[in-house]
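The structure appears below as structure tokens.
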Amino acid sequence: MKKHSLKLCFFWHMHQPDYRDSSGMMRMPWVFLHAIKDYYEMPWLLNQYKGLKATFNITAPLIEQLNLYKDPLENDYFLSLWAKHPSELEGDARNWLIKICKTTQYETMVKPLPHFDELYHHENLNDAELIDFEVLFILAWCGHYLRQENKFVRQLFHKGKDFTQSDKAQLLKTLSTFIETILPFYAKLQKTGVISLSTTPYNHPILPLLLDMNNAKKANVHTTLPSDPISLKDDAIAQVERSILLYEKTFGVKPKGFWPAEGAVDEESIEIYKEKGLSWVATDEEILFHSLGDTTRSKLYRPYRYKGMTIGFRDHTLSDLIGFNYRFKSGKDAVDHFMKVLKPIADTKDATVFVILDGENAWEFFENNAYDFFTTLYKRFLKTAWCQTHTMDEVSQSKKQGRLKKLAPGSWIHGNFDTWSGHPEKNRAWELIYQTKRDVKNYTGVISDETAEKIKFHFLASECSDWFWWYGDDHVTEYGLEFDTLFRGHLIAVYRLLNIPPPSDLFMTILTRTNMVPFLVKPQTVISPFIDGKNNTFFEWIGAGSVDETKFYSTMDKARGPVEKILYGQDEETVFIALKGDMASLSDPLLQFKLIIDETGEDIVFSMQKSNEVDGIKFRVDKQIELSIPKRHFSTDSTVHLHFEIVKGSDIIQSLPGYGALSIDMNESYEENWFV
């Protein structure tokens, strides 16, 4: 019997918010950093394995900001500071620059560079040390293409320390020149058929909410709408039209497809895409299931047609495995697991699988920037007869497509719009846009065409989904105030263009203290709880460290697992762990709990259905999960790294902590917490 061949569509979404303030200066450096690490590297890695294909989505704000690095010192605030000699930096500017440099992922990016690691722990840096710290920060962000192919980058890695201002200047020039090659490289690969390219409405807005805020209520009847919403349909159409124009200017052809920002769709937005000449879009599996009223997974594995538009629905599980779970595994183990999960789908006749995720933000959590994972994965696909990679452009031409009678409104996060509306902070941001819109409409003065265009720019920029992402309590960032300032700055600029005073509430931060609570709190004192899974008294775990999983989500969200909070601590002989959450959902008899100790490579498995003990490690399940681990299990007396998995067969239900490994300092004295 002939075996079926599975069509696999890898779809990598490349996006950064528009970091430009009203003066046009980019206030954050993440476009530059991902440019030297990911934007060239991802298609370059794919192109090393002839015959493989993928789709890349590149947003308009990313395109425009990449183009600004032809003159980095004029356009990037961070680099304008970085390029100066440290002696020229004022205190606040110096501290902010160091803060940015210390946001680098420690385990995967700082620690592999010994001198960077050494300086990272210094409380104060003299000028010579700061030059080294600045250069090493940029080198840590350089991807494998630059490390392998760029002569000057290789020289600096070899030098390792004692860098000069001249080194900095040459490095910036080298990398700025490199960034100019990124977009032409995508165009070249698209022309040769290795990739297909798509884009997103201009400022990455949630188009269905611009069209009709009631879509938020349709997707979740329990959501609270902003006060007095108005339709922003004209802006929605402009977001689509401007994105198409920029794409054509950049790549020489019109786009065939869109990834709607955050996979957000409704029936009206599909009609707009179709009217503007697009042939396909992609979104999430939840939208399909809501549209069909059927959650049968076999129905996911095909493209669908709705009103003449091809729609690909992402497999959330497979996408999240790459984006969130495989960072904890070796490249080989991750690929083995991925192929094991993928193989049964190939038994479905004419199966097409859409794996869609962020193409930039996950890899700094991987060892070696996921290089080992991707090289192993791509080699495996070249040897796998039952699976062929395809582009979205190719799939959209398939005659074997399902048919949809209706399309449910929603996004790729939980099938609704709650990430961008409903919370008082999110709604307040919308209300400020509506207020500004009404004030412009009621303005009686003369507005020149030039001013009208600038006002339009700021309105479109204010509608970016990223601002709303960080409002509320569902995501946490230490740069919340910077994002809040950028959002309100666009609306303030509208009033100033009209030469009228902005309302005072635009100068008041939307953020509250609740969404700035840290997701990670370190232990305050020694603890010695009784391990029985019952949490008998409040005092048992008082002083423990904690990780709030509900507050930690990276730039790409994930399906929330059953564990919501981790408590941890130690005494002289034992490390203690407690995991709290939805215990009812953990009653499945096939569930297992894995404890992984990085230092020793131990992978210890417990059944979730019974309390037991393995080699002295106590595991108890009742009102919460509790473990006690004798310190003899650790091969070090300094810092140990633990992480946990809840699994069901080959399915990874949740990996913990969400940000990586849980670090426990075995020599912690807690003396900074003492008081008299």
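The values are calculated or read from the model by the stated rules, or taken from the named source; none is laboratory data. Model, not experiment: these values are computed from the prediction. Virtual Cβ from ideal backbone geometry, glycine too; neighbours counted across all protein chains shown.
Each row is one residue, and each column tells you yes or no for (1) in contact with a strand residue (DSSP E or B) (Cβ under 8 Å, 6 or more places away or on another chain); (2) in a loop (DSSP other than H, G, I, E, B); (3) more than 26 Å from residue 303 (Cβ to Cβ).
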| site | (1), (2), (3) |
| --- | --- |
| 55 | yes, no, no |
| 61 | yes, no, yes |
| 66 | no, no, yes |
| 79 | no, no, yes |
| 87 | no, no, yes |
| 93 | no, no, yes |
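Just to verify a result, which residue in region 438-482, among those that are hydroxyl-bearing (Ser, Thr, Tyr), over 15 Å from the mean Cα position of the chain (by Cα) and under 21 Å from residue 207 (Cβ atoms), is surrounded by the most Cβ atoms within 10 Å (Cβ to Cβ)? Steps first, answer last, please.
Filtering region 438-482 down to residues hydroxyl-bearing (Ser, Thr, Tyr) leaves 443-444, 448, 451, 462, 465, 471, 477, 479.
Now restrict to residues that are over 15 Å from the mean Cα position of the chain (by Cα): 443-444, 448, 451, 462, 471.
When the remaining residues are screened for being under 21 Å from residue 207 (Cβ atoms), the result is 462, 471.
Numbers: 462: 25, 471: 27.
Only one residue tops the list, namely 471.
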Any pair with Cβ under 6 angstrom, 6 or more apart, that starts in region 257-282 at a residue that is under 20 Å from residue 393 (Cβ atoms) and ends at one that is buried (at least 24 other Cβ atoms within 10 Å of the Cβ) and acidic (Asp, Glu): 263/284
Go through region 247-272 and give me each residue that's over 16 Å from residue 417 (Cβ atoms), under 24 Å from the mean Cα position of the chain (by Cα) and assigned to a helix (DSSP H, G or I). 247
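Kindly indicate whether residue 118 is in a loop (DSSP other than H, G, I, E, B) and either on the phi < 0 side of the Ramachandran plot or surrounded by fewer than 16 Cβ atoms within 10 Å (Cβ to Cβ) (or both).
In short, no.
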When you go through (1) surrounded by fewer than 23 Cβ atoms within 10 Å (Cβ to Cβ); (2) among the β-branched types (Val, Ile, Thr); (3) closer than 21 Å to residue 412 by Cα one by one for residue 281, which number turns out not to apply? (1)
For a quick check of your reading of the model, give me the residue pairs whose first member lies in region 162-190 and is under 16 Å from residue 14 (Cα atoms), whose second is of a type in the set (Ser, Thr, Tyr) and in a helix (DSSP H, G or I), with beta-carbon atoms closer than 8 Å and at least 6 apart or on different chains. 179/69; 182/39; 183/250; 187/250
Residue list for region 19-54, restricted to those being farther than 28 Å from residue 203 by Cβ and either among the basic types (Lys, Arg) or in the same structural domain as residue 204 (by TED's automatic domain parsing) (or both): 50, 53
Select, from 219, 238, 282, the only residue that is at pLDDT 95 or above, more than 24 Å from residue 55 (Cβ to Cβ) and touching a strand residue (DSSP E or B) at 6+ places or on another chain (Cβ under 7 Å). 219
Looking at (1) of a type in the set (Phe, Trp, Tyr); (2) in a loop (DSSP other than H, G, I, E, B); (3) in contact with a Pro (Cβ under 9 Å, 6 or more places away or on another chain), which is the one condition that is false for residue 659? (3)
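Can you find a residue in region 647-654 that is assigned to a loop (DSSP other than H, G, I, E, B), out of contact with any Leu (no Cβ under 8 Å at 6 or more places or on another chain) and at pLDDT 85 or above?
Applying the first criterion (assigned to a loop (DSSP other than H, G, I, E, B)) to region 647-654 yields 649-650.
If we keep only those that are out of contact with any Leu (no Cβ under 8 Å at 6 or more places or on another chain) too, we end up with 650.
Now drop any that are not at pLDDT 85 or above, which leaves none.
No, region 647-654 has no match at all.
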For residue 592, indicate whether it is more than 25 Å from residue 665 (Cβ to Cβ), of a type outside the set (Val, Ile, Thr) and in contact with a Ser or Thr (Cβ under 7 Å, 6 or more places away or on another chain). yes
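Give region 522-547 a look and list any residue that's outside any loop (DSSP other than H, G, I, E, B), modelled with pLDDT of 85 or more and not small (Gly, Ala, Ser), or say none. Spell out how you get there, then give the answer.
The initial filter retains those residues of region 522-547 that are outside any loop (DSSP other than H, G, I, E, B), namely 538-541, 545-547.
Next, from what is left, pick out any that are modelled with pLDDT of 85 or more: 541, 545-547.
541, 547, listed by residue number.
State yes or no: is residue 340 free of Cβ contacts under 8 Å to residues at least 40 places away in the same chain and surrounded by fewer than 19 Cβ atoms within 10 Å (Cβ to Cβ)?
On the way: free of Cβ contacts under 8 Å to residues at least 40 places away in the same chain: no; surrounded by fewer than 19 Cβ atoms within 10 Å (Cβ to Cβ): yes.
Judged against the criteria, residue 340 is not a match.
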